[in-house]
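These notes are about the structure you will find just below.
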Amino acid sequence: MRFVILQFKTKLRMNNKTILLLVIVMNALIINSCKKDDEVPETAAHYLVFKFKFDSTQARLNNFGQPAAVPSNHSAQSPRFNKMSAHYIELAPDANTALGTSMVVYRAPETYAGGNNAIDFDQSVLAGEGEEFFRIPIKNVAPGSYKYLRVSLAYQNYDINFRFDTLGNSYYFDGTIASFIGFETYINSYKIKDSTVAVNANKLQGYWAFEWNNPLFGLPALSQGQAPAGATTVPNPIHSSSPIPAGSCVVTGEFPSTFLITGNEIQDIVITVSLSTNKSFEWKENSHPGYYEPQAGDTVVDMGIRGLIPIVN
């Protein structure tokens, strides 16, 4: 360093203050250049984030992904969702991708506590409108082009309207339904709205409970039921080339445009799982058309989601 200073003094005739400044600057550059790579902060991780949206105006589809009307001897309404949980998420590149053979990004805990393998409800993540229910680092997602999203839905909690006739009068109330639409779920207990139900067993797809405030006694009334096997609608527009197992609730939706993961993303990606709740609560009529009247013999037959559209934000 002394040699450098002498050269500057000889050729540029710099004063002592200038020489001192140059020495400080050069020392700083030398120190910075000698820093180890591990002292440089790493780039923050970016995530693929999943959120729910419940849309009563979205197309009402059947199991084959085709528009479906309510049968003439049935009635239905669009429930007001409180919470939903998912059991499985998969990104599929094309319509010929068999279930489980592509990028499975999430699978919820399962248990044999009830005998058969089942979803462990105690460990399920419940999320409402616009709430995040899962995230994964993008670096853990295989780069590629994905055309379809598969989401296995497990549990839903929502409010409905119903009619109650007594002593010659008709009353209209709100009630809350908790329903389990996964292939099979082990349940210790669960809370509907104000009431907690103990089960301590496995329940097949279609098990539900209904809670409402009893107008006669001012106390919550509760009923439970089981939808018929195979009655829960699970839309799958690629059923002919990529079927799903009977009794599962793997709803399939097509991205509006191909979803691309490059591995070089510089920010989070949010996928909004838009679910059709268009008249998704359906019952067989035994009384006044258009009103759910459980005390009059109306029978719940279907609580399946009516379609899925994955929206990338």
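At-a-glance table
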quantity: Point-to-point label distance, Ser72-Asp174, nm (Cα→Cβ direction, 7 Å offset); calculated: 3.6
quantity: Isotropically averaged projected area of the stretch 166-222, using the convex hull of Cα atoms (one quarter of hull area), nm²; calculated: 4.6
quantity: Three-way shape label, the stretch 127-218, alpha-carbon gyration tensor, a/c 1.5; calculated: prolate
quantity: Folded to 0 to 90 degrees: helix 2-11 orientation relative to the chain principal axis, Cα; calculated: 70
quantity: Å² per residue, accessible surface of the chain at 1.4 Å; calculated: 52
quantity: Rg to Rh, two decimals, where the chain supplies the alpha carbon set and Rh follows Kirkwood; calculated: 1.29
quantity: Sparse-neighbourhood loop sites, chymotrypsin sites (Phe, Trp or Tyr not before Pro) in the stretch 102-197 - DSSP loop, at most 12 other Cβ within 10 angstrom; calculated: Tyr112
quantity: Computed over the chain: relative contact order in percent, which uses C-alpha pairs under 8 Å that are six or more apart; calculated: 24
quantity: With Cα atoms, 0 to 90° folded angle of helix 16-33 axis to the chain main axis; calculated: 40
quantity: Shape call, the stretch 134-183: gyration tensor on alpha carbons, a/c limit 1.5; calculated: prolate
quantity: All Cα pairs of the stretch 103-170, percent lying beyond 15 Å; calculated: 72
quantity: Per-selection Kirkwood Rh - the stretch 176-313 (Cα, Å, 1 d.p.); calculated: 17.6
quantity: Length gained when the stretch Gln224-Thr111 is fully extended (0.36 nm per residue, less Cα-Cα span); calculated: 38.3 nm
quantity: Compactness relative to 2.2 N^0.38 Å, alpha carbon Rg of the stretch 251-295; calculated: 2.14
quantity: Relative contact order [Cα under 8 Å, 6+ residues apart], the stretch 84-226, whole percent; calculated: 22
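The values are calculated or read from the model by the stated rules, or taken from the named source; none is laboratory data. The structure presented is a predicted model; accordingly, all values stated were derived computationally and were not measured. Neighbour counts run over all protein chains shown; Cβ positions are idealised from the backbone, glycine included. For accessibility, only protein heavy atoms count, side chains too; no ligands or nucleic acids. Shrake-Rupley method; radii C 1.70, N 1.55, O 1.52, S 1.80 Å.
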